[in-house]
Amino acid sequence: MFSGWNWVAYGLCLLLNFCSLEVSGGLVQSCGHIIPESPVLALGSNFTALCILNESCLDFGNIYANQIIWKIKNKVVPKEQYREINRTVSSVTFNDTSSLATPLTCNILADGQIEQNIYGIAVTIGLPPEKPKNLSCIVHQVSKLIYPMTCTWNPGRHTFLDTHFRLKYRWPQDEFPDCIPKDVNNSCTITDVQFFVNLEVWVEAANALGKAESDRLVLDPIEIVKPLPPHNLSVNSGILPTVLKLSWENLISGAVMKLKFNIRYRTTGDTNWIQVPPEDTASPRTSFSVQGLRPYTEYVFSIRCMKEDGVGYWSDWSEEKTGVTTEDKPSKGPPIWRIIDASDSPASWTVRLMWKTLEPFEANGIILRYEVTVRAKSSLSSPAEKYNVNTTNLTLKLPNGTYEVTVIARNRVGASPPSVLLIPASNSKAPVKNVRTLPKDGKLWVGWTAPNSYVLKYVIEWCLVSNSSDCIIEWQNEPGNVQGTYLRGDIKPFKCYLITVYPLYADGQGSGQSVKAYLQQDRPSKGPTVQTKKVGKAEAVLTWNHLTVDEQNGFIRSYTILYKTVDGNETAVTVDPSKTEYTLSSLTSDTLYTVRMMAYTDEGGRSGPDFTFTTQKFGKGEIEAIVVPVCLAFLLIVLLGVLFCFNKRDLIKKHIWPIVPDPSKSNIAQWSPQVPAKHNFSSKDQMYPEGSFTDVSVVEIEADDKKSFSEQDLKPFDLLKKEKSTSEGHSSGIGGSSCMSSPRQSVSDSDEGESTQNTSSTVQYSTVVLNGYRDQTPVQVFSRSESTQPLLDSEERSEDHTGGGDGTTPRQQYFKQSGGQDETNTDRPCFERTRQITPTNEGDLVGFAQLQISGHSSQLFGLGLEKNIQEAALPDVLQTSIEGQTVRPETVAGNPPSADEMPKSYLPQTVRQGGYMPQ
Amino acid sequence: AGQPAQTISSITVPMGHHWVGAHRNTRLSPCTGVVPFVALLLLQRRPVSGRALLVTSSSCPSHSLCRSNVQEQTRRQVALLNATAQDLFSLYLKCQGEPFSSESDELCNPSGVFFPAFRVNRTSERKEVMVAMYKLFAFLNASLGNITRDQEELNPTAKELLDQLHNTTKTTRGLISNLTCLLCKDYNIFQVHVSYGESSKGKRAFKKKQQGCQVLRKYVQVIAQAARILLPHLTPP
């Protein structure tokens, strides 16, 4: 217990000691320090540091060297590297300083394991400077008297330390201030140096770890001079047209340095320099005459210099100066060629003479004019024609013949040698052979095999073949000893050129040999447009047009036809480029094909647009093979049918097309013989004498219960009714109510309000006794009856009985009278229409009333009367009817029933007020 | 080289006139210009009068620099001085104005000014010639230094003149270095007695101009003689 309190007291005392130490004197005091202080260490070397504790700390804090802990930054140095030298000194050793870092601190572990820092140092690690290498110097002349010298060197590795370089130099007995580089470590410039004194130069590099000197360089600065180039260069024309004289000033005194020179020159526009032979300019000078130049040519000159003995450096090239040589007469005549047009007249030519302007090196000046002489070879006596031309062509109209054309170019100095061209009557000489072309170095080379004869020269003619422009001929001359040349012109790639080579002989010229060529080929700009010419079941004939020259971009080597079905693989067919048609075979019938075509040059191909077609379902002749037999069979069947029908025409007619009796051709053959006297037929007899009223047609209408009077069935009667209406009902009744009927009361055919109840007490019936209409069997014979019984019942029954074997369907008979009148009369027959009243809703209407409308005999037989007469008779009839019954006539003159209403007269009548009721 | 060291002359004289190049901006022509004048060199530590120098030690300077080309370098230096002396004198006269430009013969008569005797000829012993040359150019170096100093004061804008004076002075300094080398290397001479004459310092401007004119005129004459005499002695065998 006591011991514990002692330790606490001791700790407090130690703390107070620290505090008292730190505040004593007002300055912070450390309990120790490290030596060396802020060392600079060589990288990779070993290093030992000592931490020395102050004695005062020992006294107050019981701090000893064995408590020291070394740290690099915050990392504790292994204790194996510690060594306690005595109780106040501890050392740490590092075998390799590369493991060191800043700061290196000395710490102590006080009581309570509290780590206290005693001291720390900054460690700088680097490398000593290397020996500067490759020291070299050069003296740049900057003015006539100022020659700064710049020395450069390789400073060596990076030292990681502040390393200073100094350029040192001295004379044998004089030291000069060091040259200290600014911002760099590998060069320095001495502002002025003295020539002809040996100068020793070296570089010293120094940092905290040491110094290093380069090798010493001993030199005379005059030996390393790069002088300024000569200035004020001037170029003057000499007397000769091939000489130019250069003059200049040297910026360095000949007493200081003797110079040699380089002179170079080129023509303006050229990029290649020509140099005057160095041996010609190896001595000091300030002028030089350049010879061998071309007349009237602008040259550019430049000059440089260096020490005469070649020690040192060449100066830069001087500024360029130009000069022009004087003129000389043209060195050669202009190349000449011609185009002969013989189309105008068979007896003469239009000759277009063309010559080329001379190249500047040939013209040797400004060409003032051309002198053209044309001399006919055939007539030597005739004088030559001379022309002075300022242009390069001349068009002449010459008679057919051989001419010698000479052209001379003239400048201010003189005339050129003449150029001669023979214009022969025909190209009768041997041509060249094997004309070929070859693109090379961006130019088009033309080669040929020379003919056996001696050729003076060749003319190569070419033009661009295009659809859009004419073939503009260009040409060039070549000497007779060559067999190939490059075309000198703007030869464009992807364009077709037609090249012709003419050999020119001393006495004429050979015919031209042509070849087509491309400088550079490309794929065609488009592909052929293919289409079908004919499509069959298994084949299709394709056609296309050749690509135009402008589209080809090269020689078309082949076509490829690519075709496929919708889901099939593409098939390719290669076609010769000369063809424009191809037949695809083995196609599938009734199939959609897509076809396109590619045109290939040497550089590749390009496809044209797709074209689709569908093969036929049937082949050629297949349809004919089917259709023709079918047609024949059909015709045969029709023929057989016709024959059959012809044979059975009676039967067919009977069933299908029965003969309808023509009422207009009917006649009542005979009236019943018992009653002829009772009939008041006197008038009739007069009007229709025996035999004139013979044709009576009988129409049988079977009245069905519901359908017997359908509208359709009644149509034929509509006409009758209409006619009847127009005739105001002057018709003769059936069943005896004919035109010849007795004067009984009849009713009008008016649709409504007709009363079938006849108030007359006596109705005469008549029976038609048929003799048969023509060959037909008479259906019934009526005879006039004197009966006074009510008409309908007896007649109905009579109808039932006399109707023959059709008990359920009452049969009505109509008479159509044909009095042998003309057609006009027959259109207005005087007949009597049976009105059948069919019960509709009323069950008591068990039968139909057969009304007999009889007109007045005088009226009825007036078939030949005018219509107005018939119409005028109607009121009489009506009047008669109204007397017995209340009958409201529906049909009045001027208000005829409509066509729709007409069938009502045949339909069962509806009972109306005061109307007629079925009996 | 194996000869014992000889002392030709040794007079201790206080350091006299020194000149140092200065950076100036001047404007004038043709004796003037507009150029920052960088007169670099080098502090001359030569007495103006009655001063000997050479070396401070009893041995010759660095033999590594005394190479075989020093003879040729010396000849080229003399030739260079000879080639530029007349131009320097003419330019000097031109820049001094009247009456120097028109009365140069009278005003610049060198008889009234000290100039080292140069009594050697082509037949003189080479060693003698070398010593005489040393004395001459040591004097010239000092005199040119004084003239340059005076002209910087009197014609500070005469750039071309000052440049030529600087260059001539530099050349004489290099020539002295080479002669020292030759004397030491060939004759083991490392001390030579040199007379410098009267300094112009403190004199009036006209007198300064006249003294410079007289020295330069004499310089033109003597350098030509020196060039002729030195040539056969410096030609490689």
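The values are calculated or read from the model by the stated rules, or taken from the named source; none is laboratory data. Since we're looking at a predicted model, the values are computed, not measured. Positions of Cβ are backbone-derived with ideal geometry, glycine not excepted, and every protein chain shown enters the neighbour counts.
Some notes on this structure:
- In the range B:165-205, of all residues being closer than 17 Å to A:VAL197 by Cα, more than 8 Å from every other protein chain (Cβ to nearest Cβ) and touching a strand residue (DSSP E or B) at 6+ places or on another chain (Cβ under 8 Å), the one that is surrounded by the fewest Cβ atoms within 10 Å (Cβ to Cβ) corresponds to B:CYS184.
- Scope the range A:593-633; condition exposed (fewer than 12 other Cβ atoms within 10 Å of the Cβ) and either modelled with pLDDT of 90 or more or part of a strand (DSSP E or B) (or both); matching residues: A:VAL628, A:PRO629, A:VAL630, A:CYS631, A:LEU632, A:ALA633
- Any hit, the range B:96-116, residues being in a loop (DSSP other than H, G, I, E, B), hydrophobic (A, V, I, L, M, F, W, C), surrounded by fewer than 20 Cβ atoms within 10 Å (Cβ to Cβ) and in contact with a helix residue (DSSP H, G or I) (Cβ under 9 Å, 6 or more places away or on another chain): yes
- A:GLY323 meets the conditions (1) within 14 Å of chain B (Cβ to nearest Cβ); (2) part of a strand (DSSP E or B); (3) of a type in the set (Gly, Ala, Ser) in every case but one. The failed one is (1).
- Of the residues making up the range A:581-598, those that are under 25 Å from the mean Cα position of the chain (by Cα) and of a type outside the set (Lys, Arg) are A:LEU592, A:TYR593, A:THR594, A:VAL595, A:MET597, A:MET598.
Yes or no, residue by residue, for (1) surrounded by 17 or more Cβ atoms within 10 Å (Cβ to Cβ); (2) assigned by the TED database to the domain that holds A:SER99; (3) in a loop (DSSP other than H, G, I, E, B):
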position	(1), (2), (3)
A:SER38	no, yes, yes
A:LEU41	yes, yes, no
A:SER45	no, yes, yes
A:THR48	no, yes, no
A:CYS51	yes, yes, no
A:LEU58	no, yes, no
A:ILE63	yes, yes, yes
A:ASN66	no, yes, no
A:TRP70	yes, yes, no
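- Just one of the numbered conditions (1) within 27 Å of A:LYS211 (Cβ to Cβ); (2) modelled with pLDDT of 90 or more is not true of A:THR97: (2).
- Residues considered: A:LEU145, A:LEU199, A:LEU135, A:LEU161. Of these, the only one that is farther than 30 Å from A:PRO36 by Cα, surrounded by 16 or more Cβ atoms within 10 Å (Cβ to Cβ) and away from every other protein chain (no Cβ under 14 Å) is A:LEU135.
- Flag if A:TYR486 is in contact with a Lys or Arg (Cβ under 7 Å, 6 or more places away or on another chain), among the aromatic types (Phe, Trp, Tyr) and in contact (Cβ under 8 Å) with a residue 12 or more places away in the chain: yes
- Residue ID - nearest to the other protein chains (Cβ to nearest Cβ), chosen from residues in the range A:256-281 that are surrounded by 15 or more Cβ atoms within 10 Å (Cβ to Cβ) and of a type in the set (A, V, I, L, M): A:VAL256
Residue-wise test of (1) surrounded by fewer than 15 Cβ atoms within 10 Å (Cβ to Cβ); (2) assigned by the TED database to the domain that holds A:GLN513; (3) touching a strand residue (DSSP E or B) at 6+ places or on another chain (Cβ under 9 Å); (4) charged (D, E, K, R).
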site: A:TYR403; (1), (2), (3), (4): no, no, yes, no
site: A:VAL407; (1), (2), (3), (4): no, no, yes, no
site: A:ARG412; (1), (2), (3), (4): yes, no, no, yes
site: A:LYS440; (1), (2), (3), (4): yes, yes, yes, yes
site: A:LYS457; (1), (2), (3), (4): no, yes, yes, yes
site: A:TRP462; (1), (2), (3), (4): no, yes, yes, no
site: A:ASP470; (1), (2), (3), (4): yes, yes, yes, yes
site: A:ILE473; (1), (2), (3), (4): no, yes, yes, no
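- Any chance B:ARG76 is under 20 Å from B:CYS66 (Cβ atoms), more than 14 Å from the chain's Cα centre (by Cα) and either within 10 Å of chain A (Cβ to nearest Cβ) or charged (D, E, K, R) (or both): yes
- Total residues in the range A:495-521, condition part of a loop (DSSP other than H, G, I, E, B) and surrounded by fewer than 17 Cβ atoms within 10 Å (Cβ to Cβ): 4
- Residues in the range A:432-440 include at least one that is touching a residue at least 60 places away in the same chain (Cβ under 8 Å) and either under 20 Å from A:ILE336 (Cβ atoms) or part of a loop (DSSP other than H, G, I, E, B) (or both).
- One residue stands out among those in the range A:177-192 that are surrounded by 19 or more Cβ atoms within 10 Å (Cβ to Cβ) and farther than 20 Å from A:LYS131 by Cα: the one that is nearest to the other protein chains (Cβ to nearest Cβ), which is A:ASP192.
- When the strands (runs of 3 or more DSSP E) confined to the range A:376-423 are screened for residues that are in contact (Cβ under 8 Å) with a residue 40 or more places away in the chain and farther than 22 Å from A:ALA506 by Cα, those reaching at least 2 such residues are found at A:393-399.
- Residue check for A:GLU308: acidic (Asp, Glu), surrounded by 15 or more Cβ atoms within 10 Å (Cβ to Cβ) and within 14 Å of another protein chain (Cβ to nearest Cβ): yes
Yes/no per residue for (1) buried (at least 20 other Cβ atoms within 10 Å of the Cβ); (2) touching a Pro at 6+ places or on another chain (Cβ under 8 Å); (3) at the interface with chain B (Cβ under 9 Å from one of its Cβ atoms); (4) outside any loop (DSSP other than H, G, I, E, B):
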| position | (1), (2), (3), (4) |
| --- | --- |
| A:PHE195 | yes, yes, yes, no |
| A:VAL203 | yes, yes, no, yes |
| A:ALA206 | no, yes, no, yes |
| A:ASP215 | no, no, no, no |
| A:ILE222 | yes, no, yes, yes |
